[in-house]
Amino acid sequence: MAHFTKATSIKDWLNQRLAVEKLEKVMASEYWIPKNINFLWAMGMVLVITFALLLVSGIFLLMYYQPNVATAFDSVNYTIMREVDFGWLWRHVHGVAASVVFLIIYIHMFTGIYYGSYKKGREMIWISGMLLFVAFSAEAFSGYMLPWGQMSYWAGMVITNLFSGGSLHADGLVEWIRGDYVPAQAFLTRFFMLHVLLIPLAILGLIGLHFGALRIPHVNNQDGEEIDFDAEAKKYLDGDKAGSKVMRFANDFMSKDMMVVGIYLIFFFYLVFYNYGFAMDPVNFDPADGLKTPAHIYPEWYFLWSYEILRPFSVDIGLIAFAFAQVIFVLLPFLDRSPNTCPANRRGKAFAIWFWLMLINMIVLTAMGKLPPEGVFSKIGFVSAILFIVMWIALPFITAREKKV
Amino acid sequence: MKNKEPLILAVVVFFSLVTYYLVEPYAHHVMHKHVESEHFAYADLPALSGKIGDAANGKVLVTGAAACTGCHSIEKDGMPAMMEPQMSAASYGVNPPDLSNAGAVYDAKFLSDLIKNPAHALKVEHKYDPAKGKMHPMVPFYGAGGDIDQEVADIVAYLQSIAVSAEELTPAMAFENACGRCHAMRYENWTQMGTKPSFKHKKDELAFDIKVIEYQDSLKAYMGKLPPDLSMYYRSRNSHFLETFIENPQSQLAGTAMPRVGVTAEVAEKVIEHMADAGDTKRHERESIAVNVMIYIVIFAIFALLWKKQVWRDLH
């Protein structure tokens, strides 16, 4: 058993029991971050802040929301929006944050791809990040069901239908997921449970894993340079702060994190107050009606690219393509065969083109996913979906031929 | 080392804005037909005859030869409704409007045409075609023997003389007159029968609810379906859609059973304001708080920037 002495101060008392000083060093003051990074490295903190906004606003909404098909719509649109003081503010913060969090996730993801931050021991950072993406997607989808508007109902109908597996006709599975033949009370209550308990728990766990995965390989830097963190940390602690290649997480990098967060919050609250329409689809302000299909059914913008990979094909091929799109990003560290860890633009033409084309193609897919699948839009969508698949299949071959730079 | 951050920021902002433009303004432009407002000019209706109406003679016509009061009440001028609304709806399909404020709510040109040719003014000729034996429940005014244009001008003058002034017409009154006999608005406690009173006894409340259901059943048979509750229509549509839809429902939804209501531009604005009061109740609070939050966040960002500068002074 450990030996405890009479504490000389509260700090000492805590130190003996919780090792708070050591913890502070490991987590903050001696958590070393390379200096050679830019503001894109602050997206992690931006995501933490956005997640905190979602959690806090969600807790307030949870106090008034009623998961019942007869009252859900009114509990949101009447009780929360009209009766509860600042209920409208919590709802708008929650809705806008749910949308913006995906913008930041995509920026964070493409930053990782661009700088090769999934390579050389950083594979688990990427994989845990992609698991977080999946968890956030499930969280967003389940949350979208809750106001029980037209888009909630019909999106729920369309997405749960995917599980019938096309020609497999696994209708029993769909009914099992819905708890009914159509989205109804059982469906709403279980998605409520998923949204407020099970998925948030998974997200919290995965955030822990994501942070943990970062601790040993350390954060990547703008040039993919391998840094001797022990030697550079010693240099810093010996007083050569300017000469060292690393800095403390707190307060050094955190001050920059907070600067980026400050600018981000200006943008965020501008959206909350002046431009929230993109995050709160008008169609969902009509109450759910199983007898009235909306003219256009589309998911929120962050799901559009994968929706468009599903849509231009026949049912079975579409489902296979969709499943491919869902898992392929996770495999990136293993599909990229290149020996280089450096920005995409410096890895040779092939990968540079691959990166920018992938980014542009995903934006094209996103746009086509929302536009009605008619005429030229459906042709563009079809070509883009094929291109997406071909590019991922080509990735191992392109990268294997890459020369060491 | 050259500072690349402005370039990186420009790239991030550029791709974000392109995505936003494509999925929001552009996609909605493609999905939703754009209808230009005619600013409630009702250009398709015949111009006013220019005759000066005589309100006193108008009253004689309304209560006499034109037989308006056979179906319409004019409570303001001492002519109450003869039947309860649900009974009226059972007889006519929908409760014929009380005409007390018709002169303030409806456009004069529209009223003049409506009196002579209801299905035409209301743009429901696809539903009511006398050739197919389908008459609009409102009987046209064929004239009382004199100059019909003068008689119509007299009737309109009478309706305008008894109506409230434009300033007295509240957004709620505008909505109730123009929309409220077909559309409920439950967030404002409005039913097609009027504002739902608060009842002391459950039995009385149920009796009222049954009347509303009876009314709605008649309305359903008359319109083909129950017209939607408009509580959240300000958010589920947008004010431009509402404006052009009120102006001419057929322009947005060809073949709809909803008649053109014929309100003036000012009254349409009030109707939409009332819909905003129901569906976007806290908009004024939102606008005022927005400024404070933005100031607060900008100050936060400035402090964060200064802190960063101070911390990083030693790092370079």
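The values are calculated or read from the model by the stated rules, or taken from the named source; none is laboratory data. All values derive from a computational prediction rather than experimental measurement. Here the Cβ positions follow ideal geometry from the backbone for every residue, glycine too, while neighbour counts run over all protein chains shown.
Points worth noting:
- Residue in region A:249-276 that is surrounded by the most Cβ atoms within 10 Å (Cβ to Cβ), counting only those that are out of contact with any Lys or Arg (no Cβ under 8 Å at 6 or more places or on another chain), of a type outside the set (A, V, I, L, M, F, W, C) and within 20 Å of B:F303 (Cβ to Cβ): A:D257
- Checked against (1) surrounded by fewer than 16 Cβ atoms within 10 Å (Cβ to Cβ); (2) at pLDDT 95 or above, B:P228 meets all criteria but (1).
- Selection from region B:258-283 of residues that are away from chain A (no Cβ under 11 Å) and either more than 30 Å from B:L226 (Cα to Cα) or among the hydroxyl-bearing types (S, T, Y) (or both): B:T264
- Assessment of region B:271-282 against the conditions (within 28 Å of A:N77 (Cα to Cα), out of contact with any Pro (no Cβ under 6 Å at 6 or more places or on another chain), surrounded by fewer than 16 Cβ atoms within 10 Å (Cβ to Cβ) and at pLDDT 95 or above) yields no matching residue.
For every residue, the table says whether it meets (1) closer than 30 Å to A:L55 by Cβ; (2) not in a helix (DSSP H, G or I).
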| site | (1), (2) |
| --- | --- |
| A:L197 | yes, no |
| A:A202 | yes, no |
| A:L206 | yes, no |
| A:A213 | yes, no |
| A:H218 | yes, yes |
| A:N221 | no, yes |
| A:A231 | no, no |
| A:K234 | no, no |
| A:G239 | no, yes |
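- Residue within region A:245-266 that is modelled with pLDDT of 95 or more, in contact with a helix residue (DSSP H, G or I) (Cβ under 8 Å, 6 or more places away or on another chain), more than 8 Å from every other protein chain (Cβ to nearest Cβ) and in a loop (DSSP other than H, G, I, E, B) present: yes
- Which numbered condition B:F40 misses (of (1) within 14 Å of chain A (Cβ to nearest Cβ); (2) surrounded by 15 or more Cβ atoms within 10 Å (Cβ to Cβ); (3) among the hydrophobic types (A, V, I, L, M, F, W, C)): (1)
- Qualifying residue in region B:24-31 (condition: within 14 Å of another protein chain (Cβ to nearest Cβ), crowded, with 18+ Cβ neighbours inside 10 Å and not polar (S, T, N, Q)): yes
- Residues of region A:274-285 include none that is within 10 Å of chain B (Cβ to nearest Cβ) and more than 30 Å from B:R186 (Cα to Cα).
- Residues within region A:25-54 that are loosely packed, with under 14 Cβ neighbours inside 10 Å and more than 24 Å from the chain's Cα centre (by Cα), tallied: 2
- For B:V18, the conditions (1) of a type in the set (V, I, T); (2) touching a residue at least 40 places away in the same chain (Cβ under 8 Å); (3) closer than 30 Å to A:I104 by Cα all hold with the exception of (2).
- Sole residue being of a type outside the set (F, W, Y), assigned to a loop (DSSP other than H, G, I, E, B) and assigned by TED's automatic domain parsing to the domain that holds A:V261, chosen from A:N77, A:N68: A:N68
- Taken over region A:356-382, the criterion of being more than 29 Å from B:I8 (Cα to Cα), of a type outside the set (F, W, Y) and either part of a helix (DSSP H, G or I) or in contact with a Phe, Trp or Tyr (Cβ under 7 Å, 6 or more places away or on another chain) (or both) is satisfied by A:L371, A:G375, A:V376, A:S378, A:K379.
- Residues located in region B:184-204, provided they are outside any loop (DSSP other than H, G, I, E, B) and within 13 Å of B:D229 (Cα to Cα): B:M185, B:R186, B:Y187, B:E188, B:W190, B:T191
- Only one of A:R91, A:R178 that is charged (D, E, K, R), crowded, with 19+ Cβ neighbours inside 10 Å, touching a Leu at 6+ places or on another chain (Cβ under 9 Å) and not assigned by TED's automatic domain parsing to the domain that holds A:P343: A:R91
- Restricting attention to region B:243-255, the residues that are aliphatic (A, V, I, L, M) and crowded, with 20+ Cβ neighbours inside 10 Å add up to 1.
- Single match in A:T71, A:T79 (criterion: farther than 21 Å from A:F136 by Cα and in contact with a Phe, Trp or Tyr (Cβ under 6 Å, 6 or more places away or on another chain)): A:T79
- On inspection, B:Y187 passes the criterion of being assigned by TED's automatic domain parsing to the domain that holds B:I210, surrounded by fewer than 21 Cβ atoms within 10 Å (Cβ to Cβ) and in contact with a Phe, Trp or Tyr (Cβ under 8 Å, 6 or more places away or on another chain).
- Residues in region A:305-315 that are assigned to a loop (DSSP other than H, G, I, E, B) and either within 20 Å of the chain's Cα centre (by Cα) or hydrophobic (A, V, I, L, M, F, W, C) (or both): A:F313 alone.
- From the list B:G103, B:G53, B:G58, the one residue that fits, being assigned to a loop (DSSP other than H, G, I, E, B), in the same structural domain as B:Q250 (by TED's automatic domain parsing) and under 26 Å from B:L169 (Cβ atoms), is B:G53.
- Residue match in region A:156-166 (condition: in contact with a Leu (Cβ under 9 Å, 6 or more places away or on another chain), more than 30 Å from A:N68 (Cα to Cα) and not charged (D, E, K, R)): yes
- Single match in A:P217, A:P200 (criterion: surrounded by fewer than 19 Cβ atoms within 10 Å (Cβ to Cβ), in contact with a Lys or Arg (Cβ under 8 Å, 6 or more places away or on another chain) and away from every other protein chain (no Cβ under 14 Å)): A:P217
- Summed over region A:286-298, the residues that are within 9 Å of chain B (Cβ to nearest Cβ) and farther than 26 Å from A:I105 by Cα give a count of 4.
- Residues of region A:68-82 that turn out to be surrounded by fewer than 20 Cβ atoms within 10 Å (Cβ to Cβ) and either touching a residue at least 12 places away in the same chain (Cβ under 8 Å) or within 26 Å of the chain's Cα centre (by Cα) (or both), as a count: 3
- Qualifying residue in region A:316-333 (condition: away from chain B (no Cβ under 14 Å), touching a residue at least 60 places away in the same chain (Cβ under 8 Å) and outside any helix (DSSP H, G or I)): no
- Among (1) at the interface with chain B (Cβ under 10 Å from one of its Cβ atoms); (2) within 21 Å of the chain's Cα centre (by Cα); (3) modelled with pLDDT under 95 - the single one A:W301 does not satisfy: (3)
- Residue satisfying all of: in region B:284-316; charged (D, E, K, R) and within 9 Å of chain A (Cβ to nearest Cβ); farthest from B:D229 (Cα to Cα) among these: B:D314
- Just one of (1) under 30 Å from B:E273 (Cβ atoms); (2) surrounded by 14 or more Cβ atoms within 10 Å (Cβ to Cβ); (3) free of Cβ contacts under 8 Å to residues at least 40 places away in the same chain fails for B:I148. It is (1).
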